[in-house]
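Below: one structure, written as structure tokens.
The values are calculated or read from the model by the stated rules, or taken from the named source; none is laboratory data. This structure is a prediction, so every number in the text was calculated from the model and none was measured. FYI the Cβ positions are ideal-geometry reconstructions off the backbone, even for glycines, and counts take in every protein chain you see. SASA here: full protein model, heavy atoms, side chains in, ligands and nucleic acids out. Shrake-Rupley method; radii C 1.70, N 1.55, O 1.52, S 1.80 Å.
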Amino acid sequence: MCGIVGVIGNPKAAEIILTGLGRLEYRGYDSSGLAVLNNLGTLEVHKAVGKLQSLLDKVKATPPSAASIGIGHTRWATHGSPTEENAHPHTGRLGGVNLAVVHNGIIENYQELRAELSPHGAVFRTETDTETIPFAIANALEYGGGHFIPAVRAATQKFRGNFAFVTLKEGDTTQLVGTRRGAPLCIGVGTGANYFASDPFALAGVTSKFIFLEDDDIATLTPTSITIQDAKGNPVTRPTKTLDLSEDMAGKAGYKHFMLKEIHEQPAVVTRILQAYTSAKTMQPTLPLEGLNLAEIPFINIIACGTASYAGMLGKYFLEQFARVPVNVDVASEFRYRNPPFPPGGIFIGVSQSGETADTLAALEIAKAAGQKIIVFTNAPNSSMARAADVVVDLMAGREIAVASTKAFTAMCLNLALFALQVGAARGLPVAEVATQITALRTLPTYLTNQLNQPPAQFEELAERLTAARSMLYLGRGTLTPIAFEGALKIKEISYIHAAAYASGEMKHGPIALVDKTLPVINLASGTDGLFEKTVSNLKEVEARHGQVILVTDDEGAKQLDDATRSKLTLIKVPTVPPILAPMVFTVPLQLLAYHTATAKGTDVDQPRNLAKSVTVE
């Protein structure tokens, strides 16, 4: 996740860009930058590593020239470490053309494009995928007749992946050009000036009118005009929306429900966690675990309720894989009454969004009395559980208003993954392996953003079918098993459809008796875990009994389906990602499916019957 701001026509361009970047800083803290065209049309670029304050200090010391056109960016590093060289804006000069670009997303085929552009004179100085964009456009300008918009279109037609970018050309103060595919980009409509932003909030106080671009739109802004062309080059008009940004800060931000808003907040939550609890320099986890002897942990109990218990189940997988520590996961209401043994030096982990969950708090007190070290993962660092703990890890999910947890669940999963890596590092997991996993996790905000930017039609259509269901079955293997449990809980909580979850291999040991033509069976399967053939066997068992098969799989899994199997199921695809990311990536479609099913049934999404956000009674 990164932040983009662009300005044309306002003589305070640099000030507006820097203010906007401040509002978008949650989208990236690794570096930031600003490029303006001064009144002579000369390009001036200012960059700094670290938080935005570093750039503000630099600009204060060496102010940019007066300018009414410019672009700015705050970066979350994916391709390339956080250095000034890798910071945006990026420039590309070919022949007499020099362009500057700010970019969100990933150009997946950037290495291929580098090889293609280098013989034409492109000299790459950074580790980023972004640097291919200005060179690709400049190359298209050089060999395509010198027309800016056709050159942008020609370049984007070569790009694979999801992106949003804004570009300006040195010597041309008359236009600012932006486009998007998968990643958000909107236009702020002003008087005598116009703007680009990846998030309208960046322009709060500047304008309240916004145009949201569609995929492959190319927008050209001048101080007094806005021109938009679609992917085929046809002029199009997109609606202008008036937003009350001050109300959005405290409310639903334009979403119909708090739950949907909080689902869409997950990329920002993940970004915030990774910024706080990982080192961009060393690519190592940095959770605040002072006072714990991580290298000598003999045993870990993870205790929680509901959604938090499923995050705990995932934590068990990560801890046993990366740290090689035996782990027990239990629901607090059972743990507190079964008189479990407590090994000397053991760790008790309580997971709770509110930090006030009665059963978990009671279990914590029992463990504390037994001499266990207490770690609490909570979204409320001043809560009762936090006050009773030896170590508190703030989930950093932000206030979650909808009863059905979404962003807090993802925050729990990510924090427990980081915890497992940190314990693993203390117990001999190679530094390079930890760095590989952290590097992978740092791409998670982009993957989540790209998923959330997909059109909702597929989920809406499937939800209409599910409204008639009286029961559902969720299946998963490995780290997707806890996600199956969480998916089943979500559909129960807000749509009131009964749902049960099992490890996929358990289906034939009883649950298969439920399968008939009325039963939707949602199977989660990764195409890269070596178990996909077994999953297909499960699908065939459901299919033979006329069950409704809904397969959630990644691109690799989809490739392994034969036509006959594919024709008999509903397919929901997610991107193929490193294994540590898969549980959180697979979570998103289940959240969306539950949400759209509930809205199709007309239930109270944010305040479902019989439930409360914080359960403070037994």
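Values computed for the structure shown
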read-out	value
Residue check, Arg427 in contact with a Lys or Arg (Cβ under 9 Å, 6 or more places away or on another chain), in contact (Cβ under 8 Å) with a residue 12 or more places away in the chain and charged (D, E, K, R)	yes
Top-ranked residue in the stretch 95-115 [being in contact (Cβ under 8 Å) with a residue 24 or more places away in the chain and part of a helix (DSSP H, G or I); ranked as nearest to Gly3 (Cα to Cα)]	Tyr110
Wholly enclosed strands (runs of 3 or more DSSP E) of the stretch 206-311 bearing at least 2 residues open to solvent by less than 70 Å² (accessible area, probe 1.4 Å) and in contact (Cβ under 8 Å) with a residue 60 or more places away in the chain	218-221, 300-304
Tally of residues being among the hydrophobic types (A, V, I, L, M, F, W, C), at pLDDT 95 or above and in contact with a Phe, Trp or Tyr (Cβ under 7 Å, 6 or more places away or on another chain) across the stretch 578-606	4
Complete set of residues in the stretch 74-94 that are hydrophobic (A, V, I, L, M, F, W, C) and either within 24 Å of the chain's Cα centre (by Cα) or assigned to a loop (DSSP other than H, G, I, E, B) (or both)	Trp76, Ala77, Ala87
Cβ pairs under 9 Å, 6+ apart, first in the stretch 315-344 and β-branched (Val, Ile, Thr), second open to solvent by 30 Å² or more (accessible area, probe 1.4 Å) and assigned to a loop (DSSP other than H, G, I, E, B)	Val325/Pro298; Val325/Phe299; Val325/Arg427; Val327/Phe299; Val331/Cys305; Val331/Gly306
Residue match in the stretch 113-133 (condition: touching a helix residue (DSSP H, G or I) at 6+ places or on another chain (Cβ under 9 Å), open to solvent by less than 10 Å² (accessible area, probe 1.4 Å) and charged (D, E, K, R))	yes
Residue count, the stretch 337-374 (criterion: open to solvent by 60 Å² or more (accessible area, probe 1.4 Å) and assigned to a strand (DSSP E or B))	1
Residue satisfying condition, being farther than 17 Å from Ala594 by Cα and either hydroxyl-bearing (Ser, Thr, Tyr) or surrounded by 21 or more Cβ atoms within 10 Å (Cβ to Cβ) (or both), within set Thr479, Thr467	Thr479
Unique residue being crowded, with 24+ Cβ neighbours inside 10 Å and more than 12 Å from the chain's Cα centre (by Cα) when the list is Ala411, Ala420, Ala388, Ala426	Ala420
Every pair of residues 6+ apart whose Cβ atoms lie under 7 Å, when the first sits in the stretch 490-509 and is touching a residue at least 24 places away in the same chain (Cβ under 8 Å) and open to solvent by 40 Å² or more (accessible area, probe 1.4 Å) while the second is in a helix (DSSP H, G or I) and acidic (Asp, Glu)	Lys508/Glu541
Residue in the stretch 556-575 that is surrounded by 20 or more Cβ atoms within 10 Å (Cβ to Cβ), without any contact (Cβ under 8 Å) to a residue 40 or more places away in the chain and either in contact with a helix residue (DSSP H, G or I) (Cβ under 6 Å, 6 or more places away or on another chain) or farther than 19 Å from Ser504 by Cα (or both) present	yes
Condition broken by His46, with the remaining ones in (1) more than 30 Å from Gln266 (Cα to Cα); (2) under 30 Å from the mean Cα position of the chain (by Cα); (3) modelled with pLDDT under 90 satisfied	(3)
Qualifying residue in the stretch 152-163 (condition: under 25 Å from Ala13 (Cα atoms), assigned to a strand (DSSP E or B) and touching a Pro at 6+ places or on another chain (Cβ under 9 Å))	no
Condition broken by Ala155, with the remaining ones in (1) of a type outside the set (Phe, Trp, Tyr); (2) over 23 Å from Pro223 (Cβ atoms); (3) in contact (Cβ under 8 Å) with a residue 24 or more places away in the chain; (4) crowded, with 24+ Cβ neighbours inside 10 Å satisfied	(3)
Failed criterion for Ala183 (all others in (1) modelled with pLDDT of 90 or more; (2) of a type in the set (A, V, I, L, M); (3) crowded, with 20+ Cβ neighbours inside 10 Å hold)	(1)
Search result, residues across the stretch 4-33 that are surrounded by 24 or more Cβ atoms within 10 Å (Cβ to Cβ) and among the basic types (Lys, Arg)	Arg27
Residue satisfying all of: in the stretch 95-149; aromatic (Phe, Trp, Tyr) and closer than 21 Å to Ala164 by Cβ; nearest to the chain's Cα centre (by Cα) among these	Tyr110
Which numbered condition Arg75 misses (of (1) among the charged types (D, E, K, R); (2) in contact (Cβ under 8 Å) with a residue 12 or more places away in the chain; (3) surrounded by fewer than 24 Cβ atoms within 10 Å (Cβ to Cβ))	(3)
Scan of the stretch 179-195 for residues that are under 16 Å from His103 (Cβ atoms), out of contact with any helix residue (DSSP H, G or I) (no Cβ under 9 Å at 6 or more places or on another chain) and part of a strand (DSSP E or B), ordered by number	Arg180
Cβ-Cβ under 7 Å pairs, at least 6 apart or on other chains, the stretch 433-454 side within 24 Å of Val423 (Cβ to Cβ), far side in a helix (DSSP H, G or I) and open to solvent by 10 Å² or more (accessible area, probe 1.4 Å)	Val434/Ala425
Criterion violated by Ala380 - all others in (1) modelled with pLDDT of 95 or more; (2) surrounded by fewer than 23 Cβ atoms within 10 Å (Cβ to Cβ); (3) among the hydrophobic types (A, V, I, L, M, F, W, C) satisfied	(1)
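Per-residue answers, yes or no, for (1) at negative phi; (2) part of a loop (DSSP other than H, G, I, E, B); (3) open to solvent by 10 Å² or more (accessible area, probe 1.4 Å):
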residue: Leu40; (1), (2), (3): yes, yes, yes
residue: Glu44; (1), (2), (3): yes, no, yes
residue: Ala48; (1), (2), (3): yes, no, no
residue: Leu55; (1), (2), (3): yes, no, no
residue: Lys58; (1), (2), (3): yes, no, yes
residue: Pro64; (1), (2), (3): yes, yes, yes
residue: Ile71; (1), (2), (3): yes, no, no
